[in-house]
Amino acid sequence: MDKNIANWDDIYSNNKAGSFLSYPNENLVTLFFQNRKDINLNGRCLDYGFGSANNAEFLIQHMQELYGIEISESSVNIAKNRLAKFGNFNPANFLVSGSEPNLTGHFDLIVAWQMLYYNDKQGLLASIAKLYEWLKPGGMLLCTLITPRDVKVKNAKLIDVDTYVIDGRIPTQEGCKVFSPKNEQEFLGLFDRLEVIDCGYYERASSLSENTASEYYLVAKKK
């Protein structure tokens, strides 16, 4: 994880690999609106691993309170600059991972989009357990993990069960660990304490296999 932290801080502080995205992820936007009847829009939302805050900029316009947690200090600074224009933005709600207070039962919605897979299995399970603890009863989780067809798996070395280290073919992420379940059943097994509302995968298949993006998605509720 130290390598992951160092890589992402470098990526965001130096705007590498198109890391500053100007728009939210379209699949997240679609799922949010498809499920908004089950989301307490007047409640608290956590964007967990918010990156360049492109999804946070969408979420802050639809949720009463927005929080963010990131491993990268540079990313926190980006979010504070980017979201300052919104009247409901509170910079104190955006923190570096490890510095957060007790958040047990705090959130109505948690979004962990395109980030949980930067983990080994132990770290992933610990993150999922933490998100479960932070959700209110009835709270919703929207998240993704990469499938074995994703470019980050194809350009990586297998080091443990479902765990890979990205190699030099993705230079900005070289050395980062990623976790990819073998199939949808294994993916869902990671979230067995949650009630599944919707699940599946999104894929952008390229004729150049090294450009294929493939991710499982989950919409789930804390029972």
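For this structure, a couple of remarks:
- Once the Kirkwood radius over Cα pairs is known for the chain, the Stokes-Einstein relation at 20 °C and 1.002 mPa s delivers a diffusion coefficient of 121 µm²/s.
- Label-point gap, in nm, between Glu73 and Ala213 - each point 7 angstrom along Cα→Cβ: 3.0 nm
- Taking label points 7 Å from Cα along the Cα-to-Cβ direction, Arg36 and Asp167 give a separation of 4.5 nm.
- Cα-based shape type of segment 143-215, given that a ≥ b ≥ c are square roots of the gyration tensor eigenvalues and the cut on a/c is 1.5: oblate
- Each part gets one Cα centre, and for segment 148-223 versus segment 18-81 those centres are 20 Å apart.
- Potential extension, Glu186-Asn27 segment - 0.36 nm per residue separation minus Cα distance: 55.1 nm
- Where chymotrypsin sites (Phe, Trp or Tyr not before Pro) fall in DSSP loop in segment 75-167, at most 15 other Cβ within 10 Å: Phe86
- Its DSSP H runs of at least 4 residues, each contributing -39,500 (n - 2.57), put the calculated 222 nm mean residue ellipticity of the chain at -8000 deg cm²/dmol, to the nearest 500.
- Sites Ala126 and Lys80, calculated FRET efficiency, Cβ-Cβ separation with R0 22 Å, nearest 0.05: 0.25
- Added length on full extension, which subtracts the Cα-Cα distance from 0.36 nm per residue, Val96 to Arg193: 32.2 nm
- For Lys157, a cut-off of 27 angstrom between C-alpha atoms picks up these lysines, skipping any fewer than 8 places away in its own chain: Lys3, Lys16, Lys121, Lys177, Lys182.
- Across Lys136/Lys223; Lys80/Lys152; Lys37/Lys222; Lys80/Lys222, pairs whose alpha-carbon gap is larger than 19 Å: Lys80/Lys152; Lys80/Lys222
A short reminder: the numbers here are calculations on the coordinates, not readings from a lab. Computed from a prediction, not measured in an experiment: that's the story for all the values here. Ideal geometry is used to build each Cβ from the backbone, glycine not excepted, and the neighbour counts take in all protein chains shown.
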